[in-house]
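Working notes, structure below.
The values are calculated or read from the model by the stated rules, or taken from the named source; none is laboratory data. Quantities reported herein were computed from a predicted structural model and do not represent experimental measurements. Cβ sites come from the backbone with ideal geometry, for glycine too, and all protein chains shown count toward neighbours.
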Amino acid sequence: MTHLQDNKPESQRLEEFFGKQWQIYQKVLNNNYMGHREIYHVLQEFIINYFQNPFKLLDLGCGDASFISQALLNTKIAFYYGIDLSIPALEIAKENLARINCDKNLISGDFSQLDSILDSSPEHKFDAIFMSFALHHQPLEQKYFFIEKFHKLLNSGGVFILIDVVRPHTEDRDTYIRRYLDIAKQDWLLVTPEEYSMLEEHMLSSDFPETQQTLQEISQKIGFMRFECLYCDALNTTQLLCFYKG
Ligand SMILES: C[S@@+](CC[C@H](N)C(=O)[O-])C[C@H]1O[C@@H](n2cnc3c(N)ncnc32)[C@H](O)[C@@H]1O
């Protein structure tokens, strides 16, 4: 059953911001500028192999769920729980997820208010917690706080799966973002100059990619049993990481 709850997002500002950017993001997805096709192919293989029994997945910042809905085809997904600030994106997610045969719950809300969102739900524990291109907006302390919470919300044997921009340890934030923007300027041919300016402004103000080493240290401090990188793109900008609860 799918519930589209229209609750009180405190982050009105963030919701409006992502609403405006949504059209650009659609263009990025449709043209595979961020490499979603390759990453989600690896993700699907992983899910099929790792979850041999029915499993529950929490997707934070699910957006329109266009890629996760494909990756969940032919898997043992029993329950999909998606949270996003953007109501228009969730409306599309509902359509995209229609092809997945499982229970579904789509919630409009701020994932930093996870406790209050999940309190109203009977399904408190998950086998997989998934975040795709949504964690890097948070400052480092907040990332730690979230990942610690995910550890508590996972069943034993569960896994936190992170797809995100990750910078090499040889690059600081500014160098990484400048390099990323240079790639976008050169290769994202259908992005207009106006859209590129919005992307640039967004990345310079809101993106805080960590290194794989920092994320691994967080994983160890919190008590995850194992940390693994399943995929790194050829441009060394994006990774698929697994934090295993054990
Ligand atoms: C770059 S999009 C990624 C969408 C999708 N996960 C994907 O990989 O294609 C980031 C998404 O995170 C959502 N988001 C960002 N901050 C959020 C927050 N604090 N609470 C809920 N959703 C958030 C945005 O609305 C947006 O849909």
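Check whether at least one residue in the range 151-163 is closer than 27 Å to I48 by Cβ, surrounded by fewer than 19 Cβ atoms within 10 Å (Cβ to Cβ) and in contact with an Asp or Glu (Cβ under 9 Å, 6 or more places away or on another chain), and report yes or no. Explain how you work it out, then say what you get.
Step one: list which residues in the range 151-163 are closer than 27 Å to I48 by Cβ, which gives 151-163.
Retained after the next criterion (residues that are surrounded by fewer than 19 Cβ atoms within 10 Å (Cβ to Cβ)): 151-153, 155-157.
Cutting the leftovers down to in contact with an Asp or Glu (Cβ under 9 Å, 6 or more places away or on another chain) gives us 155, 157.
Scanning the range 151-163 turns up at least one residue that is closer than 27 Å to I48 by Cβ, surrounded by fewer than 19 Cβ atoms within 10 Å (Cβ to Cβ) and in contact with an Asp or Glu (Cβ under 9 Å, 6 or more places away or on another chain).
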| request: Working only within the range 145-154, note down all residues that are under 25 Å from I39 (Cα atoms) and more than 16 Å from the ligand (Cβ to nearest atom). | output: E148, H151, L154
| query | Just checking, how many residues over the range 41-63 are touching a residue at least 40 places away in the same chain (Cβ under 8 Å) and of a type outside the set (G, A, S)? | reply | 13
| query | If you go through the range 127-143, how many residues are of a type in the set (F, W, Y) and either at pLDDT below 95 or away from the ligand (no atom under 16 Å from the Cβ) (or both)? | reply | 0
| request: Answer with yes or no whether L204 is over 19 Å from L235 (Cα atoms), surrounded by fewer than 16 Cβ atoms within 10 Å (Cβ to Cβ) and in contact with an Asp or Glu (Cβ under 9 Å, 6 or more places away or on another chain). | output: yes
| note | Within the range 215-231, the residues that are under 18 Å from the mean Cα position of the chain (by Cα) and either modelled with pLDDT under 95 or over 15 Å from F133 (Cβ atoms) (or both) are Q216, I218, S219, F227, E228, C229, L230
| said: I want to confirm something. Restricting to the range 72-105 and keeping residues that are closer than 16 Å to G61 by Cα and of a type in the set (F, W, Y), which single residue is surrounded by the fewest Cβ atoms within 10 Å (Cβ to Cβ)? | reply: Y81
| query | Which one is surrounded by the most Cβ atoms within 10 Å (Cβ to Cβ) among residues in the range 26-39 that are in contact (Cβ under 8 Å) with a residue 40 or more places away in the chain and on the phi < 0 side of the Ramachandran plot? | reply | I39
| remark: E141: passes all of (1) over 30 Å from E45 (Cβ atoms); (2) touching a Lys or Arg at 6+ places or on another chain (Cβ under 9 Å) but (2)
| message | For the range 78-124, give me the residue count where each residue is closer than 19 Å to Q26 by Cβ, within 16 Å of the ligand (Cβ to nearest atom), hydrophobic (A, V, I, L, M, F, W, C) and in a helix (DSSP H, G or I). | response | 6
| note | Flagged in the range 28-51 as within 14 Å of the ligand (Cβ to nearest atom) and assigned to a loop (DSSP other than H, G, I, E, B), in numbering order, are N31, N32, Y33, M34, G35
